[in-house]
Structure formats: C-alpha cells, structure tokens
Amino acid sequence: MNKHILDKAVQEFISQHLNDDVHKIAMAKSPFKDVEARELANQIAAKNKSVKKLSTWYQTEGIYYPPLLSIEQCSSETTAAYKAKLVIGDSLIDLTGGFGVDSHYFAKAVSSVVHCEINPELSEIAAHNARVLGQDNVNFLATDGLAYLQNTKATFDTIYIDPARRSSAGKVFMLKDCTPNVVEHLDLLLQKSSRIIVKTAPLLDLSAGLKELRNVTEIHIVSIKNECKELLWIIEKQEVSNVKITCTTLNESEKSFSFLKGDEEASLPQILTQPPSGYLYEPDTALLKSGAFNLIGLTYGLKKLNTQTQLYSSEQINQQFPGRIFKINRIISSGELKKEKQLVGNVIVRNYRDKAENLVKKYKIKPDNHRFLIFTESKNDGYIVIDATIEQHY
C-alpha cells in the first residue's frame, strides 16, 4: 500500500481525471515522484468501477482502492446489505475478507467482526478504509482465515466464507474445487460457530451443492435486474428435513419468494387450457434457478402455458411477482404468422423451435422499446407468438 496515494495533491489529481483514458494515464509520465503512473491509472479505474456498486466508498474522501480485479470480484453494497440480514448473534468472522465490503455491513448487524485476508496489502487497504468510514468494531488480520480458525480458541456466532473457485477447465463446478475447501473443513466450521454462511457463484447447481454439503437449512438466491448474483448457503448445527429456499430480487423494491424444497417436489403444475389472455409473466432468473416451476403458479395465482414452458398467465396483474409482466395484446398462430406484415417488437424465445436471431431475419421484425413478440409453445395451441406490451421490468 503506497500511502503517498493518499496525499492531497494525488487525491485531487485522481478526482480531476476520472473521465480521462486510464490507458493513456498509465503510459504517460507520472506528475508525482512517489506515485507511479500505473498506480494513478488503477486508482482512477477502480474508483470509476465503484460509482454504482460501492457508492459509499466512491462518495467518501480518502478511500484507497485495491487492484481493479478486487473491486470487480467484491460484493456490491446491495448484496452485502442483504447478507447482513442473515447473520445471527453478536460476533462474526469473515474468513475471506477481501476489500471489506461484506465486513462493513456485517459490522452494522453485530457487535464485533474479525476480517481475515491472506493478502497483507489488501488487508491493510481494508483496514485503512474502515477507519476512513468511521468503523471501529472490525478487527483486521492479515492471515489465512481457515488457519486462524484452526488455531484460535475463540468461537463465533456466525462464520462467513466466500470460497474462490480454483482453475478447473472442463469440469463441473463443485465446492470441493474451491479454496478454502468448505466441504473438507465443515466439521471445524460447525465446531466454531452456530451459523455458517457460504457464498457461491450462481453457477453452482442447487442439487449438487446439497449433495456436497450437510446441515444446510436455507438457500438464498439473490438477483439484481434479472441477473443472478449470489447463492448463499445457510448451514447450522441442527439438520433439517426440508431445506427452505428463498429467491430475492434486489431492485427498486425488494421482492422475495420462499418455499420448502419438498413442497415443490410434491406439487403439480397448473396448466392453462385456453389461449393466454390478460397478462403474461416471465419469472426472474432467481426464480428459474430455484426450479420451483409449479409453486410459482400456485403462489401468485398463475397458470403455466405448458409443462416445459416457464411462462405464466392470469387475467389480473399481480405486481408482487418477481419478474417481467406483459400485457397481452393478441395471439398470433403459426399459420397466421406467415401472413403477418411489418411485425414490430423485441423478440423473446421460450420453448420454441427456432432462435431469436433467425426469427428476426425470417419475418423482418423491427425492434421496439415497449412491444415484445414472445415465441413460445402453449398446451392449447402449440407454437404461438404473443404480441405484448411490457408492464413491469423487474
């Protein structure tokens, strides 16, 4: 950590050049004796990356930014705040602390936090920024979090761990392929805490994760603007027979859909037996990741278009639904489609026999900001096109 970057003149330079080309700045001669041009470029690039993702850091003077990759890999403030609601007790240890965003929000929920980071410079940066942000209940340790946990006599109410995937090209993503290896050290984690929160990438299959882990009580699937951001696995000392799965969308308003895994397995789909009318519902990616295709309809009073078509319909709009909602204008059958002229709308393909780009070319479809042409299959009419207008984006 080059503390000269915090000099007033350097900080002013960074603020004044936020809109400049960082590549040119990196290649030019630095105007400062003790700060290299590449360091200036990194501070500018990382700060720009934080505008929306880490607005608290961006808006605070005296923040020191780590290498750009650390900013790209760390949690957003939105997801960190959500995770903080899942902790229990008064003490927490973050075994893979990184830039410290999660620990910052954990510290708002518990009395004391231990932040472990194996990279000494990143640990120093996180500690500096915590002081700048006025946070004094986080203890920063430049150490391997798992090794620290093995050697300390202390226990914690909550353990948080964000294992990094090791390079394993061509292999299915599994937790045992990550560092730290949660599967291998689960006994230690359970000895040291009442609750363990494991963050994984959305790539991990839910069934595969449940096979690798034990004592999972909850799974949280978190998305922002229809992009699945995180899977959060809650592990506790007491096993449960039925895992609770919660899908949460964090947009202008937070929406959640929860169910017990066994309930979905025991439920039957409600299939639409007439042409869809009224409103069409497309589940958010978090709901689709959960696999609760039958319970989605039952919960929100909707009927599926077909068994393998994850689209739903109802006569009345339900804006509590986590996902996109369209107002159905008309239904175009496969036979009618060939006669249509001047089709307009953004093309969506769901359980259809062709790709969107091919359909656009074939029928010379022009794009539109609000209208959509949804190519899909219904149980009643087979392959159809739904001409619809967007009513709700998220």
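Things worth noting here:
- Tabulated pairs, region 266-279, first touching a residue at least 24 places away in the same chain (Cβ under 8 Å) and under 13 Å from Asn306 (Cβ atoms), second part of a loop (DSSP other than H, G, I, E, B) and of a type in the set (D, E, K, R), C-beta under 6 angstrom, 6+ apart or interchain: Ile271/Lys379; Pro275/Asp381
- Strands (runs of 3 or more DSSP E) enclosed by region 106-170 - at least 2 residues per element that are within 21 Å of Ala80 (Cα to Cα) and not assigned by TED's automatic domain parsing to the domain that holds Val183: none
- Scan of region 345-392 for residues that are touching a strand residue (DSSP E or B) at 6+ places or on another chain (Cβ under 6 Å), touching a residue at least 24 places away in the same chain (Cβ under 8 Å) and assigned to a loop (DSSP other than H, G, I, E, B), ordered by number: Gly345, Asn351, Tyr352, Asp368, Lys379
- Residue check, Leu149 surrounded by 14 or more Cβ atoms within 10 Å (Cβ to Cβ) and not basic (Lys, Arg): yes
- Number of the condition not met by Ser30 [criteria: (1) within 16 Å of Asp20 (Cβ to Cβ); (2) outside any helix (DSSP H, G or I); (3) touching a residue at least 12 places away in the same chain (Cβ under 8 Å)]: (3)
- Residues of region 40-63 satisfying the condition of being surrounded by 13 or more Cβ atoms within 10 Å (Cβ to Cβ), touching a His at 6+ places or on another chain (Cβ under 9 Å) and either free of Cβ contacts under 8 Å to residues at least 40 places away in the same chain or part of a loop (DSSP other than H, G, I, E, B) (or both): Leu40, Ala41, Ile44, Ile63
- No other residue among Leu260, Leu268 is within 21 Å of Asn380 (Cβ to Cβ) and outside the structural domain of His370 (by TED's automatic domain parsing) apart from Leu268.
- Those residues of region 232-288 which are assigned to a helix (DSSP H, G or I), modelled with pLDDT under 95 and among the aliphatic types (A, V, I, L, M), in sequence order: Ala266
- Boolean, Ile235 is in contact with a Leu (Cβ under 9 Å, 6 or more places away or on another chain) and more than 29 Å from Glu77 (Cα to Cα): no
- Boolean, Ala208 is surrounded by fewer than 16 Cβ atoms within 10 Å (Cβ to Cβ), assigned to a helix (DSSP H, G or I) and either in contact with a strand residue (DSSP E or B) (Cβ under 9 Å, 6 or more places away or on another chain) or at pLDDT below 95 (or both): yes
- Yes/no for Gly97 being touching a helix residue (DSSP H, G or I) at 6+ places or on another chain (Cβ under 7 Å), at pLDDT 95 or above and assigned to a loop (DSSP other than H, G, I, E, B): yes
- Residues in region 311-333 that are out of contact with any Phe, Trp or Tyr (no Cβ under 8 Å at 6 or more places or on another chain) and within 22 Å of Gly291 (Cα to Cα): Gln319 only.
- The single residue among Asn251, Asn329 that is more than 30 Å from Ala164 (Cα to Cα), of a type outside the set (Phe, Trp, Tyr) and in contact (Cβ under 8 Å) with a residue 60 or more places away in the chain turns out to be Asn329.
The values are calculated or read from the model by the stated rules, or taken from the named source; none is laboratory data. It should be emphasised that the depicted structure is a prediction, and the values quoted were computed from it without experimental measurement. Cβ: placed from backbone, ideal geometry, glycine included. Neighbour counts: every protein chain shown.
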